[in-house]
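**Student:** Questions regarding the structure given below will be posed in turn.
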Amino acid sequence: MPKDRDALLSSAVRRSITDKVAAEPDHWTASRLAEELDLHVTTVRFHLDQLEQAGVLESGIERRDRPGRPSKVYRRRAEAVPVNTAAYVVLADVLAETLGGDQGARVEAATLAGEAWSRHHLDHVTPEGSQGEVPVRELLDVLAGWGYPRETVTVEGDPAGRCQATLTHCPMKAAAIRHPDVVCAIHLGLVRGSLEGLGVQAPAVRVTPMVAPDVCTVEMSSALHAGEQVVEGLDLTHVRRPRPDATAPGTPEGRSTSDRPSGAAG
């Protein structure tokens, strides 16, 4: 277990939380733990966030049939297994060759695929609150589930208007460099579909990969936002592929696809 985990678990409260979650996975919410441990729910959430960021716990969405917004439930996270990044590159190669067509067609197909996946996997979430506001906390949960640690994502701007997420750790960087029109377009669709699933009305999303080494940005706004809207799409201006054979035939390297492809959802 990493040293930072050991330090976290030196706290009696965090050990108690971890033991209860490990004994009954997907049962404990912050409010249930607060009641059981006789602590304020805000205190419990703080400890849960620390344990989740350190990789001790992971969260999911409570499944229930009664009305209302499902709560987060927690489980002990399995020990991490080293990621084989070469496998992501192979997967991106397969997807790019399967989708075929020019870059615009691949962006459109990959974006739609990401949106469809989000709709399917977030269909149990009940939208709540303002449909014009980006639910930052929930979006960070979604990104964490895709492999973006919370500490590597910052969100700036007005969630009720226009905001931007800056991601500084792409779990699929090698594949994204080779096939950004597929990998990054999938992420565009995933974000847009997730925002819709979280209750944001007609969100506009723009993904700009590799604005700096290891840095990507995601701009977001809602149709209810009265100010300047985000121009939807995938901007590949900053992407520089290291190998000529990774560039789609007939497509200039680093071409911007800032305009939303015809029929694309993101």
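**Student:** Go over the candidates Gly157, Gly147, Gly161 one by one and state the one that is of a type in the set (Gly, Ala, Ser), in contact with a Pro (Cβ under 7 Å, 6 or more places away or on another chain) and surrounded by fewer than 19 Cβ atoms within 10 Å (Cβ to Cβ).
**Tutor:** Result of the check over Gly157, Gly147, Gly161: Gly147.
The rows are residues; the columns are (1) more than 23 Å from Ala87 (Cβ to Cβ); (2) among the charged types (D, E, K, R); (3) modelled with pLDDT of 95 or more.
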site: Gly161; (1), (2), (3): yes, no, no
site: His169; (1), (2), (3): no, no, no
site: Ile177; (1), (2), (3): no, no, no
site: Pro180; (1), (2), (3): no, no, no
site: Val183; (1), (2), (3): no, no, no
site: Leu188; (1), (2), (3): no, no, yes
site: Arg206; (1), (2), (3): yes, yes, yes
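**Student:** When you scan region 8-126 for helices (runs of 4 or more DSSP H) that lie fully inside it, which ones turn up with 1 or more residues that are open to solvent by less than 60 Å² (accessible area, probe 1.4 Å), under 22 Å from Glu151 (Cβ atoms) and at pLDDT below 90? Walk me through how you get there before you give the answer.
**Tutor:** On the way: elements: 12-23, 30-37, 41-53, 85-99, 103-121.
Per the criteria, 12-23, 41-53.
**Student:** Still on this structure: Filter region 226-253 down to residues that are assigned to a loop (DSSP other than H, G, I, E, B) and acidic (Asp, Glu) and give me whichever is modelled with the lowest pLDDT. Walk me through it before giving the result.
**Tutor:** Looking only at region 226-253, we keep the residues that are assigned to a loop (DSSP other than H, G, I, E, B), and these are 226-232, 235-243, 247-253.
Still in the running and acidic (Asp, Glu): 228, 232, 235, 253.
Details: Glu228: 81, Glu232: 92, Asp235: 95, Glu253: 36.
Looking at the filtered set, the residue picked out is Glu253.
**Student:** I'm trying to understand the selection: among the residues of region 209-225, which are out of contact with any helix residue (DSSP H, G or I) (no Cβ under 9 Å at 6 or more places or on another chain) and assigned to a strand (DSSP E or B)?
**Tutor:** Val211, Ala212, Val215, Thr217, Glu219, Ser221
**Student:** So, one more: Scan region 214-228 residue by residue and report those that are out of contact with any strand residue (DSSP E or B) (no Cβ under 7 Å at 6 or more places or on another chain) and more than 12 Å from Thr168 (Cβ to Cβ).
**Tutor:** Ser222, Ala223, Leu224, Ala226
The values are calculated or read from the model by the stated rules, or taken from the named source; none is laboratory data. Note that this is a predicted model, so its numbers are computed, not measured. Neighbour counts run over all protein chains shown; Cβ positions are idealised from the backbone, glycine included. With ligands, DNA and RNA removed, areas are computed over all heavy atoms of the protein, side chains included. Shrake-Rupley method; radii C 1.70, N 1.55, O 1.52, S 1.80 Å.
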